[in-house]
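The values are calculated or read from the model by the stated rules, or taken from the named source; none is laboratory data. Quick caveat, the model's predicted, so the values are computed rather than measured. Positions of Cβ are backbone-derived with ideal geometry, glycine not excepted, and every protein chain shown enters the neighbour counts. Only protein heavy atoms, including side chains, enter the accessible area calculation; ligands, DNA and RNA are left aside. Shrake-Rupley method; radii C 1.70, N 1.55, O 1.52, S 1.80 Å.
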Amino acid sequence: MQIVVDLNRCQGYAQCAFLAPQVFELHGEEALMFTPAVPDDQRERVRRAAAACPVQAIVVGER
Ligand code: F3S
């Protein structure tokens with residue numbers, strides 16, 4: 001699983017960091033760090049995080 005976050009769209013809502021803290025980390029209000037290649041055991045969390053983002057900034061791709 002791969003993820004892309006549209007950082008122009010991201011508004012720092014932090015739902016992703018709350019739901020999948022091993023993949024998303026927020027520094028300050030809008031500096032989002034993330035792991036593009038998602039470990040298998042984090043897939044479900046990342047799916048939930050993508051669905052929870054209020055501005056749909058997270059795009060999940062399967063590989
Ligand atoms: Fe940004 Fe959405 Fe996460 S706005 S901080 S990608 S929940």
How many residues are in a strand (DSSP E or B) and in contact with a strand residue (DSSP E or B) (Cβ under 7 Å, 6 or more places away or on another chain) when one looks only at the range 31-57?
4
Using the structure shown, decide if residue 17 is touching a Leu at 6+ places or on another chain (Cβ under 6 Å) and open to solvent by less than 90 Å² (accessible area, probe 1.4 Å).
yes
Starting from the range 1-30, keep only residues that are within 16 Å of residue 47 (Cα to Cα) and in a loop (DSSP other than H, G, I, E, B), then list their pairs with residues that are aromatic (Phe, Trp, Tyr) and open to solvent by less than 70 Å² (accessible area, probe 1.4 Å) whose Cβ atoms are within a distance under 7 Å, requiring at least 6 positions of separation or different chains.
23/34
Quick one: in the range 27-59, of everything that is within 8 Å of the ligand (Cβ to nearest atom) and open to solvent by less than 50 Å² (accessible area, probe 1.4 Å), which residue is modelled with the lowest pLDDT?
32
